[in-house]
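*Asks:* I have a structure I would like to understand better, so I am pasting it below and will then ask my questions one at a time.
The values are calculated or read from the model by the stated rules, or taken from the named source; none is laboratory data. A quick note: this is a predicted structure, and the numbers were derived from the prediction, not measured. Cβ placement follows ideal geometry from the backbone for every residue including glycine, while neighbour counts extend to all protein chains displayed.
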Amino acid sequence: MEVGEFYEYIGTDYPTGIYRAVGVTQQDSRERITLLRVSNDQHMRKHTGEIIHISDSETDTFTQTVEPDKERFRVVKSKARTMPYAAFTILRRLRRNTFLSALSLGSVVAGFGADSANFALISTVLILLGSVGISVSVSNWYNHG
């Protein structure tokens, strides 16, 4: 076994998964190999922190393999799960600041109306002011009391 390489455990003494060799030490004229478990049972990357120490005689229960797959979309999944809560938070803050929210939303709607009537400068100003008003209403910059 070489340090830095990945090995799959095929025995029954330790949890199944993929291990990475992280160290080799000499003990009583025999090599002891330190392995870190880096995957779950489905061979997906997992930071388990589980460390095992094996002797030379146990290396036949491990086969060399490739690095386990990473869950690339974990962040996207967690963001997707929190989106409804973020939307509820925004709506709650808009409801708390009703006057500024209504004024800002009205300005945005009027801006889109002015845009459809080909008043470009007026629509830009109204949409910009409405957007700033909405962001102030949603943030903690504005506290009406």
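*Asks:* Just to be sure before I move on: is SER39 among the small types (Gly, Ala, Ser), at pLDDT below 90 and in contact with a Pro (Cβ under 8 Å, 6 or more places away or on another chain) in the structure I sent? Before you say what the answer is, go through the steps one by one.
*Replies:* On the way: among the small types (Gly, Ala, Ser): yes; at pLDDT below 90: yes; in contact with a Pro (Cβ under 8 Å, 6 or more places away or on another chain): yes.
Yes, satisfied.
*Asks:* Which residue pairs have Cβ atoms closer than 6 Å, lie 6 or more positions apart in sequence or on different chains, and pair a first residue in region 11-27 that is over 16 Å from THR65 (Cα atoms) and assigned by TED's automatic domain parsing to the domain that holds GLU58 with a second residue that is surrounded by 12 or more Cβ atoms within 10 Å (Cβ to Cβ) and of a type in the set (A, V, I, L, M, F, W, C)?
*Replies:* What qualifies is TYR14/ILE52; VAL24/ILE33.
*Asks:* Would it be correct to say that THR89 is under 33 Å from the mean Cα position of the chain (by Cα) and in contact (Cβ under 8 Å) with a residue 24 or more places away in the chain? Walk me through how you get there before you give the answer.
*Replies:* On the way: under 33 Å from the mean Cα position of the chain (by Cα): yes; in contact (Cβ under 8 Å) with a residue 24 or more places away in the chain: no.
No: the conditions fail for THR89.
*Asks:* Is it the case, given these coordinates, that ASP115 is surrounded by 15 or more Cβ atoms within 10 Å (Cβ to Cβ) and acidic (Asp, Glu)?
*Replies:* When the stated conditions are applied, ASP115 passes them.
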